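Colleague: Structure provided below as structure tokens; questions to follow.
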Amino acid sequence: MAAAASGRPRFEVADILRVHGEAYGCTQRPSSAQQKVMRHITECRTAALGGHVEECDSCGHQRISYNSCRDRHCPKCQSLARQQWLEDRLERLLPAPHFHVVFTLPEELNPLTQGNPKVLFDLLFASATDTLRQIAADRKHLGAEIGCTAVLHTWGQNLLFHPHLHCVVTGGGLSPDGQRWVAARHNFFLPVKVLGKLFRGKFLDALQKAYQSGKLRLGGSTAELAEPARWRSFIDRLYQKDWVVYAKPPFSGPEQVFQYLGRYTHRVAISNHRIIAFSNARVTFTLKDYTDHGRRRQMTLDALEFIRRFLLHVLPKGYTRIRHFGLYAGRHISTKLETARRLLASAGSGPQSAVSHPSAEDRPPWWERLRERTGIDLMACPGCGTGRLVRRREIPPHYRVSLLPTGTDGWLADTS
């Protein structure tokens, strides 16, 4: 738990799991999926996964790099995955303004969602995106087919369960006859109150059908909902609530969308940089208090409660949390999406507005792309600052590795 190298967080989720994970497992009985995530995070970038030795081609400085776990819930594994995903998406972004719309499920649905995550997450995706597309297609609002990328988040700043969908939506769309690009009004996309009511109706109608077809597991705090009268009362209360849909101002172009998506697509429940203290079985982290205009404050939790909240956000195995709809759907890439791009170009948006995207064959290595986008040069020698690190040796998994003084073989593998 000592401070890490300069620029790295002092405390990590992995530290908390290594110290208190076993106690948590004995008292809380985590699922097999949660146990796997705990194991992956604690092993990430350690000798347990193996790695390699890099050496500077100028001064001979050596560095050990251990392999990543590549678990999508791991705070240390998302920056590269995010970079690679974004570059693959750049060529599909239209050179047009984009809006950010957020759909949130009422907290009354949390117990039911936790017991049926795949079913209700699917309903959230379908209801939110169908709502956007239906309202956008209405001639009273836009009268066009839009494109949308939706990203599922399940957490709030305090790590409690808070499922919501971030949707990045084109500020305009393709006319029904496919001959025109219909632009949305500046700084206004679609009326949020109308979106909220339609979203509520679509979701609850689909939820009712799931209940009637026996697709919902009802147990624990939701067991009483198996009684039809209790279920009807539950649904009635949800119809009486205002469902929250929030729309932010538009992005001006693909580069801004790129930067924004980079903050949302591969985010996990909490980043290591938000953890500021860990001692005496207590974890302190920063958060934004949106009830107080986003003011930053601190929260301290018992370590076992911190782990419990973190593991609330382990997704079902293989669940796709980033999806594309409308013009951005996979089946429209070479048809409607290309038509929209051509129309935007002829209208003056122009291909020069799009972000350049080289082919896979011409694309430089990922560390060079990372340096271009962020200025972070992972291959620069930390010793001399001028040389480049070159991979010299592979390290088998589960070996403990130590650097040796200059003139020796460079590393030792100790299986003890």
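Laboratory data are not the source of any read-out in this text; all were calculated from the coordinates shown. Because the structure is predicted, anything quoted here is derived from the model rather than measured. When we count neighbours, we look across all protein chains shown, and the Cβ atoms used for this are built from the backbone with ideal geometry, even at glycine.
Colleague: Expressed in nm to one decimal, what extension gain is obtained for the pair R392 and Q134 from 0.36 nm per residue of sequence separation less their Cα-Cα distance?
Modeller: So the extension gain works out to 87.2 nm.
Colleague: Could you give the length gained by full extension between D377 and V192, i.e. 0.36 nm per residue of separation minus their alpha carbon distance, to one decimal place?
Modeller: Stretched out fully, the D377 to V192 stretch lengthens by 62.3 nm.
Colleague: Once label points are set 7 Å from the Cα along Cα→Cβ at both R10 and S213, what is their separation, rounded to one decimal in nm?
Modeller: Once both label points are built, they end up 5.3 nm from each other.
Colleague: Here's something else I'd like to know. Say the cut-off is 20 Å between C-alpha atoms; which of K248/K336; K140/K197; K241/K288; K36/K317; K118/K317; K36/K76 go over it?
Modeller: Going by Cα-Cα distance, K248/K336; K241/K288 fall outside the 20 Å limit.
Colleague: If you take the beta carbon distance between K288 and E227 as r and set R0 to 45 Å, what does 1/(1 + (r/R0)^6) give as a FRET efficiency, to the nearest 0.05?
Modeller: My answer for the efficiency is 0.65.
Colleague: Moving on to the next point. Hey, what do the phi angles of region 91-108 turn into as Karplus ³J(HN,Hα) couplings, whole Hz, using 6.51/-1.76/1.60 and θ = phi - 60°, x for Gly and Pro?
Modeller: Each residue's phi maps through the Karplus curve to give 5, 9, 5, 7, x, 8, x, 10, 10, 10, 10, 10, 10, 10, 7, x, 5, 4 Hz.
Colleague: Follow-up. If you count, for each residue, the other Cβ atoms within 10 Å and average over each peptide, how do 235-248, 58-71 line up from highest to lowest?
Modeller: Peptide ranking by packing, descending: 58-71, 235-248.
Colleague: Moving to a separate point now. Run the simple label-point estimate for Q256 and Y239 please: 7 Å along Cα→C-beta, distance reported in nm.
Modeller: Output for this residue pair reads 4.1 nm.
Colleague: Classify region 17-146 as rounded, prolate or oblate, taking a ≥ b ≥ c as the square roots of the eigenvalues of its Cα gyration tensor: rounded when a/c is under 1.5, otherwise prolate if a/b is larger than b/c and oblate if not.
Modeller: oblate
Colleague: Which order do peptides 381-392, 319-330, 37-48 fall in by mean Cβ count within 10 Å, highest first?
Modeller: 37-48, 319-330, 381-392
Colleague: Evaluate the charge dipole of region 142-238 about its Cα centre and quote only its size in Debye, nearest 20, assuming +1 on the Cβ of each Lys and Arg and -1 on the Cβ of each Asp and Glu.
Modeller: Roughly 160 debye for region 142-238.
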